[in-house]
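Enquirer: This structure is in structure tokens; I'll ask about it shortly.
The values are calculated or read from the model by the stated rules, or taken from the named source; none is laboratory data. Since the structure is predicted, the reported quantities are computational estimates derived from the model, not experimental observations. Glycine also receives a Cβ, built like all others from the backbone with ideal geometry; neighbour counts cover every protein chain displayed.
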Amino acid sequence: MERQHITILDQHTLALETDAAPEPGMGELLIAVDFAGVNRADVLQRVGLYPVPADASPIMGLEVAGTIVAIGSAVQDWVVGDKVCALVHGGGYANYAIARADHSLPIPSQFDTRSAAALPEALLTVWHNIFTLGALQAGETLLVHGGGSGIGSIAVQLAKSRGARVVATAGGADKCRAVAALGADLVIDYRENRLLEALTDSDLVGRIDVILDTAGGDYVAVNLAAAAPDGRVVCIGAMRGSKAEIDVFPILMKRLILTGSTLRGMGISRRAAGFVDIQREVMPAIEKGGIVPIIDRCFPLAEAMSAHEFMQSGQHLGKLLLDCRG
Ligand SMILES: NC(=O)c1ccc[n+]([C@@H]2O[C@H](COP(=O)([O-])OP(=O)(O)OC[C@H]3O[C@@H](n4cnc5c(N)ncnc54)[C@H](OP(=O)(O)O)[C@@H]3O)[C@@H](O)[C@H]2O)c1
């Protein structure tokens, strides 16, 4: 069976190439991909800022949805023909992709594969960082940097569905309105306002229990000021830079926890445990319609470079997808 996939020729050039489709190994599924998610990590990989782990496919793409066409040994609960969405260890920008069975989710009943392709990476990132590392509880306040991103749009909805108060940042009035419509209690336009001043004006300094930080840079110091006593700051990105100068006293005085993670660095068993939690804790809310993936637009697989350029332009709200059907 032939596979079409996207190869990185250089940081400005992607090409559609053909090779043999991979075969599923033990515990793995081969998925005929309908749609693949485009993530910021793919852009970083293309420009050489996100080294591919030694055991991962060098092909970009971290999540897919489609139909199972072959199953490796020791796989239970899945059969050929099942519709599935899955986190993949690279290789998503293709019409066939390998996923671990324990990194896969059934497609929620009201969704098609287009909507479902937007779920695995965002759900696991949000679940692991906000609820496992950040231990957000009902009644607590969450600050999400980048509430209009693929990650942030799920974070806002999931935190609200679990009873948290949600403050988000977004760039521009339209995105702020859209993030508020997702349920955020307060959205701050970070382009129009100095963030610490805006948080001060809203009496939020020292009152944020959990911060999902996709920004880094100068916002790390803002996070430390904004955090409540015993607050948890979870770093998952560095859109404002990876270097920060901070005052350590807020960490001491408020007993803050600074942590972070990458999905790729979590390891197989932690990712699988995250999906078990998601099945139990999140899928019921999705089935009830409480959490909906926000999809901005979908590009043909062969136009993956246009999808990256659009993501880099920052115009999108929610997720971008690739249509990988032939
Ligand atoms: N560690 C992990 O495991 C993990 C997993 C997934 C994603 N991430 C990270 O999460 C972030 C979102 O990923 P995504 O795939 O959802 O990408 P995305 O949709 O492209 O989102 C990028 C976000 O960054 C915001 N942003 C851009 N420049 C900014 C700036 N100078 N200051 C503040 N915010 C800025 C954008 O806000 P506006 O568009 O509103 O301006 C947007 O919300 C990225 O940093 C990504 O690396 C980490």
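Enquirer: For region 29-69, which residues satisfy the criterion of being of a type in the set (S, T, N, Q) and farther than 16 Å from residue 14 by Cβ?
Expert: Passing the criteria: only 67.
Enquirer: For region 122-144, which positions are within 13 Å of the chain's Cα centre (by Cα) and either hydroxyl-bearing (Ser, Thr, Tyr) or assigned to a loop (DSSP other than H, G, I, E, B) (or both)?
Expert: Matches in region 122-144: 125 only.
Enquirer: Go through (1) free of Cβ contacts under 8 Å to residues at least 40 places away in the same chain; (2) under 30 Å from residue 174 (Cβ atoms) for residue 129 and report which single condition fails.
Expert: Result: residue 129 passes all but (1).
Enquirer: For region 157-208, how many residues meet the condition of being more than 16 Å from the ligand (Cβ to nearest atom), part of a helix (DSSP H, G or I) and touching a residue at least 24 places away in the same chain (Cβ under 8 Å)?
Expert: 2
Enquirer: Given region 211-287, what helices (runs of 4 or more DSSP H) lie entirely inside it while holding 3 or more residues that are within 14 Å of the ligand (Cβ to nearest atom)?
Expert: Of the helices (runs of 4 or more DSSP H) lying wholly inside region 211-287, those with at least 3 residues that are within 14 Å of the ligand (Cβ to nearest atom) span 219-226, 268-281.
Enquirer: Looking at (1) among the hydrophobic types (A, V, I, L, M, F, W, C); (2) closer than 13 Å to residue 93 by Cβ; (3) within 16 Å of the ligand (Cβ to nearest atom); (4) without any contact (Cβ under 8 Å) to a residue 40 or more places away in the chain, which is the only condition residue 15 fails?
Expert: With respect to (1) among the hydrophobic types (A, V, I, L, M, F, W, C); (2) closer than 13 Å to residue 93 by Cβ; (3) within 16 Å of the ligand (Cβ to nearest atom); (4) without any contact (Cβ under 8 Å) to a residue 40 or more places away in the chain, residue 15 is out only on (3).
Enquirer: In addition: Among the numbered conditions (1) in contact (Cβ under 8 Å) with a residue 40 or more places away in the chain; (2) surrounded by fewer than 21 Cβ atoms within 10 Å (Cβ to Cβ); (3) within 14 Å of the ligand (Cβ to nearest atom); (4) in a loop (DSSP other than H, G, I, E, B), tell me where residue 147 comes up short.
Expert: Of everything listed in (1) in contact (Cβ under 8 Å) with a residue 40 or more places away in the chain; (2) surrounded by fewer than 21 Cβ atoms within 10 Å (Cβ to Cβ); (3) within 14 Å of the ligand (Cβ to nearest atom); (4) in a loop (DSSP other than H, G, I, E, B), residue 147 misses just condition (2).
Enquirer: On the given criteria, is residue 205 surrounded by fewer than 23 Cβ atoms within 10 Å (Cβ to Cβ) and either modelled with pLDDT of 95 or more or farther than 17 Å from residue 236 by Cβ (or both)?
Expert: For residue 205, the condition - surrounded by fewer than 23 Cβ atoms within 10 Å (Cβ to Cβ) and either modelled with pLDDT of 95 or more or farther than 17 Å from residue 236 by Cβ (or both) - is met.
Enquirer: Which one is nearest to the ligand (Cβ to nearest atom) among residues in region 288-323 that are part of a helix (DSSP H, G or I) and either in contact with a Cys (Cβ under 7 Å, 6 or more places away or on another chain) or not small (Gly, Ala, Ser) (or both)?
Expert: Within region 288-323, the match that is nearest to the ligand (Cβ to nearest atom) is 311.
Enquirer: Which of the strands (runs of 3 or more DSSP E) found entirely inside region 54-105 contain at least 3 residues meeting this: under 13 Å from residue 37 (Cα atoms) and not aromatic (Phe, Trp, Tyr)?
Expert: The strands (runs of 3 or more DSSP E) meeting that bar are 63-71, 83-87.
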